[in-house]
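In what follows, a single structure is set out as structure tokens and then discussed.
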Amino acid sequence: MSVVKTPNWRRLFESGPLFLKGSFTASRIGSFLFLSFTGLLVLFPLLMALLNSFKTTAEMNQAVMALPRTFNFNNYVTAFQSMRFLHSALNTFVITVCSTFGIVLFSSMAGYKLSRTKTVLSNVIFFLIISSMMIPFSVIMIPLVKVSAQLHILNKIWGVILVYIGVGINMPIFLYHGFVKTIPQEVEEAALIDGASYWQSFRKIIFPMLQPINITVALLQIIWIWNDFMLPLVFISNQNNYTLILSTQSFYTLYSTSWELILAGNFMAVIPVIVVYLIFQKNIQEGIATGALKG
């Protein structure tokens, strides 16, 4: 006796409307369309900036939205030379690495201490740190410059590093404060019973257990510091200490602006952090979610 098979299209029709079944629900289609539209809004300006970085000055003035007639790599060569790219990249690397190390070190200790200490004073300090996240840099910029001038740390790379650590430590403390709560307190109590000091307990036991949030905080600071323009602009006037992003200001003149060179220089400058983010984006998302939810 032969079995008559029902066509796939007929089974789908008889089982109900397609948009109500499985992965093809209306909500998922709506989410997909919304995310696609949002992604397009983000990527379109970047794509136009990339295309314009290959244009000549005449093409830029004629039609910004048009495709370049030829892909002119001379803009990248000129930007590379004018920016003193390798020297500026070294300055950026030193500032980014040292600032990130200081932020991770001090914010992990502060977040750990504030999370474990259950006093009114610690709660007040933590509240003030969190409140400082709502203060924009432009508000404290002038007082910072005046204090830095009195301390003679303007125009010095190590001075910029100190300012980055001070300005960028509040959000990492918030993330560490939440992440430390996921670590059982019995772990460090056992270490103290075994004769370890408070510092040894943190350095040898707690800090290694903070590795997920350490990676997240480090990556966030690297992306921020590497791409930052405002703080180096305010604190650095010596061209020998310029960062990559700051060195693009040489393309601004009193009577003209070489936008094609600025775009080429910016794209060369941000390539490293784009690669870092694409590789470690999962770590960033997981660390932020854990620290924020537990905080």
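FYI, it's all coordinate maths here, none of it is from the lab. Every value quoted in this text rests on a predicted model; they were computed, and no experiment measured them. Using ideal geometry, Cβ is built from the backbone for each residue, glycine included, and neighbour counts are taken over all protein chains shown.
Overview of values
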quantity	calculated
Total charge dipole magnitude, segment 26-152, about the Cα centre, Cβ charges on Lys, Arg, Asp, Glu only, Debye to nearest 20	320
TYR277, TYR252, TYR76, TYR176 arranged by Cβ crowding within 10 Å, fewest neighbours leading	TYR252, TYR277, TYR76, TYR176
Mean Kyte hydropathy of 1.0 or more with a Cα span along the axis of at least 30 Å, helices from DSSP in the chain	26-52, 85-116, 259-294
Net lengthening on full extension, LEU41/SER138 (0.36 nm per residue, minus Cα-Cα)	32.2 nm
Positive-end extreme of charge dipole, the chain - chosen from SER27, ILE165, MET83 (charges on Cβ)	SER27
Value at 222 nm in deg cm²/dmol, rounded to 500, when DSSP H runs of n ≥ 4 in the chain each add -39,500 (n - 2.57)	-22500 deg cm²/dmol
Among LEU47, ILE129, SER197 - extreme Cα towards positive end, dipole of the chain, charges at beta-carbon	LEU47
Paramagnetic reach from GLN285 (point 7 Å along Cα→Cβ, amide N under 15 Å) across segment 31-71	32, 35-36, 39
Normalised contact order of segment 90-211, rounded percent, pairs of Cα under 8 Å and 6 or more residues apart	39
Set LYS146/LYS282; LYS181/LYS282; LYS118/LYS204; LYS113/LYS282 screened for pairs whose C-alpha atoms are more than 30 Å apart	LYS146/LYS282
Nearest-0.05 FRET efficiency for PHE106 and ALA149, computed from C-beta distance (R0 25 Å)	0.55
Net charge dipole size for the chain [Lys, Arg +1 and Asp, Glu -1 on Cβ; Debye, nearest 20]	540
Segment 208-247: C-alpha gyration tensor shape, a/c 1.5 cut-off, then a/b vs b/c	prolate
Rounded, prolate or oblate (a/c below 1.5 giving rounded, otherwise prolate when a/b exceeds b/c) for segment 171-271 by Cα gyration tensor	prolate
Inter-label distance, nm, simple model (7 Å from Cα along the C-beta direction), ILE205/MET48	5.7
Ranked list, fewest to most other Cβ atoms within 10 Å of each Cβ, for HIS152, HIS177, HIS87	HIS152, HIS87, HIS177
Loop-resident sites, segment 187-232, for chymotrypsin sites (Phe, Trp or Tyr not before Pro), counting at most 15 other Cβ within 10 Å (DSSP)	PHE229
Overall form of the chain per C-alpha gyration tensor (a/c, 1.5; a/b vs b/c)	oblate
Extension gain (nm, one decimal) between ILE271 and VAL120, 0.36 nm per residue minus Cα-Cα	49.8 nm
Gap separating the Cα centres of segment 163-182 and segment 98-139, nearest whole Å	5
Coil-residue trypsin sites (Lys or Arg not before Pro) of segment 19-91, DSSP, other Cβ within 10 Å capped at 14	LYS21, ARG69
Relative contact order %, segment 77-294, counting alpha carbon pairs below 8 Å whose residues are six or more apart	35
